[in-house]
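Asker: Sharing a structure below in structure tokens format, with a few things to ask.
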Amino acid sequence: MSVERDEEYLKFVPHKMSYNVVPGAEFQCKLGNHHNTRKLSTIDEQDYDVANRRGMINQILSTCAVLLLSAGCGMPIGFSAVLLPQLMDSNSTEIPIDVETGSWIASVHSLATPFGSLISGPLADYLGRRKTLLVSVIPLFLGWSTLAMAKSIKIVIFARFLCGFATGILGGPGQVYIAETAEPNLRSLLIGAPYVAYSSGILLVYSLGSMIYWRSVAWCANILPLLAMVSIYCIPETPAWLLRNGYEKRALQALTFLRGSEISAQKEANEMKQRLSRERATTKTNENIFKLCCQRVAIKPLVIVIIFSLLQMFSGTFIVIFYAIDIISEFGADFDTKQAAIWTAAVRVICCMAFCVVLIFVRRRRIMMISGIGSGAFCLALSAYMYARVGEPKMSYDLLVAGCCLLGYIVFNTALMVMPGIMLGELFPARIRGRTAGGVFASMNVVLFIFAKGFPALQAFLKMRGVFLVFGISSFLLTIFMCLFQPETKGRSLDHIEDYFNGDNWLWFRRDRGYKTVKLQALQPLKAQNPEADA
């Protein structure tokens, strides 16, 4: 190894550590000069591979701890589809409800989520991402326990409120935790995983609701939060939060656990400290969150995420989950609506899992374009078919056409459901990531509450054919917007993405072309550790 290379390594590596090297042959470098060099021995390469695998496993295990809680918070999202049919059953007189009361039960979860989201940001910045996740277990456990013992409609609504409050606390910090602990080349896979967990929770609650009474479902729903609490207790806090709060030793320990190597951890910690020092030199210590959000680096991702989230909701993503059984019943066929809802949830889980794999290979922008166009096309096709069949007697093939369109919509729309969480974890600058994520989740769920609460009235006014027309138009508008404004983040580090938003451009096609060529180096961690490969 050359003297210059040794000096460069010593900036990041503790002096007590050493390397085993063997002489290497002289070779011609790219500039045409000959240098005597040494290469890492086979033992060193093996040690690096072992450390790299260990770090990847630790990152996956840390993410899995968060996913247990995400699945636990996914269950109350789909619980209304289980609870409402059982309460509205003519044979059930335990807690009688009407359509208006049912809409409150379905939508109050979304009403409560913003309150949890608003406090999740300050909690995540003050307590840390990990402790905030632990705090969210408390109202979730209380909500399910209260719901299982509820004797009146007011208690049911209050219990649903507690579950929604817990989901709001989890949302932002969960995405931020994964984004701050995962390496760029692994982040593509892990950051979409919470939505697999949400969808799995929805599928689980649908399945339980088809077999057992809703009170028993509520008691069973406490198992996942308790398992998540134990798991999250065993994982480290994010290194970014630890460094920002002066816990340098703990940050290095966390990085060593997550990267599998003290060498890689020390190098990354030094880079993070240098960037933090530059950031603090240019930022006033007394600036409040509103001033920070008005800065160029923050206002751009804020606008993108908010508009995307609004259009995503009007494309019907969560409405189909909340009112799955009611929507399927609209097709008027003689089949088990509960089993149909389970199958739609199973399809969404499979699509979420496939989407996480696709994230490794396909660019974010391309995914959003295909998903938006596909969702819109199937919605418009279903709407057009339903308009064409108005006044006609129902035929056997009506169910087949409607089922295929609804299935195609779910397949393509799943990516749109996942993307807001990915965007929250990737687009916002580090110094406001925790607080803005909570605020955005809050605003998203306020709109979702209004939409979910008003959906029965909207359905009565527009009929189901008009509802899917709105879904289709919103999907195409979303595609156009993201084509113009959404930057490509696949393979980029969070620092690189932050640098992009510091630029003058708003439109993606007016970006600095160097963003594409330079940042793709983040996909080559092995070269970063062994620069001789490029020599």
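Asker: Which condition from (1) in contact (Cβ under 8 Å) with a residue 12 or more places away in the chain; (2) surrounded by fewer than 21 Cβ atoms within 10 Å (Cβ to Cβ); (3) closer than 22 Å to ILE202 by Cβ is the one that ARG365 breaks?
Answerer: All conditions pass for ARG365, except number (3).
Asker: Continuing with the same structure: Counting only residues that are out of contact with any Cys (no Cβ under 7 Å at 6 or more places or on another chain) and in contact (Cβ under 8 Å) with a residue 60 or more places away in the chain, how many does region 161-176 have? Step through it out loud before you land on a result.
Answerer: Step one: of region 161-176, the residues out of contact with any Cys (no Cβ under 7 Å at 6 or more places or on another chain) are 161-165, 168-169, 171-176.
Those still in the list that are in contact (Cβ under 8 Å) with a residue 60 or more places away in the chain too: 163-164, 168, 171-176.
Going through region 161-176 one residue at a time, the tally reaches 9.
Asker: Name the one entry in SER152, SER120, SER210, SER200 that is open to solvent by less than 40 Å² (accessible area, probe 1.4 Å) and among the polar types (S, T, N, Q).
Answerer: SER120
Asker: Go through region 223-252 and give me each residue that's closer than 18 Å to GLY121 by Cα, charged (D, E, K, R) and in contact with a Leu (Cβ under 7 Å, 6 or more places away or on another chain).
Answerer: ARG244
Asker: Okay, moving on. Going by what's in this entry, would PRO429 be described as open to solvent by less than 10 Å² (accessible area, probe 1.4 Å) and either in contact with a Lys or Arg (Cβ under 8 Å, 6 or more places away or on another chain) or not hydrophobic (A, V, I, L, M, F, W, C) (or both)? Outline the logic, then answer.
Answerer: Working: open to solvent by less than 10 Å² (accessible area, probe 1.4 Å): yes; either in contact with a Lys or Arg (Cβ under 8 Å, 6 or more places away or on another chain) or not hydrophobic (A, V, I, L, M, F, W, C) (or both): yes.
When the stated conditions are applied, PRO429 passes them.
Asker: Is it the case, given these coordinates, that ALA345 is modelled with pLDDT under 75 and surrounded by 15 or more Cβ atoms within 10 Å (Cβ to Cβ)?
Answerer: Answer is no for this residue.
Asker: Just to be sure before I move on: is LEU134 at pLDDT below 85, within 19 Å of the chain's Cα centre (by Cα) and of a type in the set (A, V, I, L, M) in the structure I sent?
Answerer: Considered against the rule, which asks whether it is at pLDDT below 85, within 19 Å of the chain's Cα centre (by Cα) and of a type in the set (A, V, I, L, M), LEU134 comes out as no.
Asker: Of these, SER103, SER188, SER107, SER145, which one is out of contact with any helix residue (DSSP H, G or I) (no Cβ under 7 Å at 6 or more places or on another chain) and assigned to a helix (DSSP H, G or I)? Give the steps one after another, and end with the answer.
Answerer: Working: SER103 fails: out of contact with any helix residue (DSSP H, G or I) (no Cβ under 7 Å at 6 or more places or on another chain); SER188 fails: out of contact with any helix residue (DSSP H, G or I) (no Cβ under 7 Å at 6 or more places or on another chain); SER107 fails: out of contact with any helix residue (DSSP H, G or I) (no Cβ under 7 Å at 6 or more places or on another chain).
That would be SER145, the only listed residue that is out of contact with any helix residue (DSSP H, G or I) (no Cβ under 7 Å at 6 or more places or on another chain) and assigned to a helix (DSSP H, G or I).
Asker: Does TYR387 fit the bill of being surrounded by fewer than 16 Cβ atoms within 10 Å (Cβ to Cβ) and assigned to a helix (DSSP H, G or I)?
Answerer: Considered against the rule, which asks whether it is surrounded by fewer than 16 Cβ atoms within 10 Å (Cβ to Cβ) and assigned to a helix (DSSP H, G or I), TYR387 comes out as yes.
Asker: On to the next question. Could you look through region 403-419, keep only residues that are modelled with pLDDT of 80 or more and among the small types (Gly, Ala, Ser), and pick out the one that is surrounded by the fewest Cβ atoms within 10 Å (Cβ to Cβ)?
Answerer: Step by step, filter region 403-419, then rank; the result is GLY408.
Asker: Taking LEU469 and the conditions (1) open to solvent by 50 Å² or more (accessible area, probe 1.4 Å); (2) at negative phi; (3) out of contact with any Ser or Thr (no Cβ under 7 Å at 6 or more places or on another chain), which numbered condition does it fall short on, given that it satisfies the others?
Answerer: Every listed condition holds for LEU469 apart from (3).
Asker: Additional query: At pLDDT 80 or above and acidic (Asp, Glu) - does that describe any residue in region 483-502?
Answerer: The answer is yes; a qualifying residue exists.
The values are calculated or read from the model by the stated rules, or taken from the named source; none is laboratory data. Because the structure is predicted, anything quoted here is derived from the model rather than measured. Counting neighbours? That spans all protein chains shown, and the Cβs are built from the backbone with ideal geometry, glycine included. What goes into the accessible areas is simple: the full protein's heavy atoms, side chains included, and nothing from ligands, DNA or RNA. Shrake-Rupley method; radii C 1.70, N 1.55, O 1.52, S 1.80 Å.
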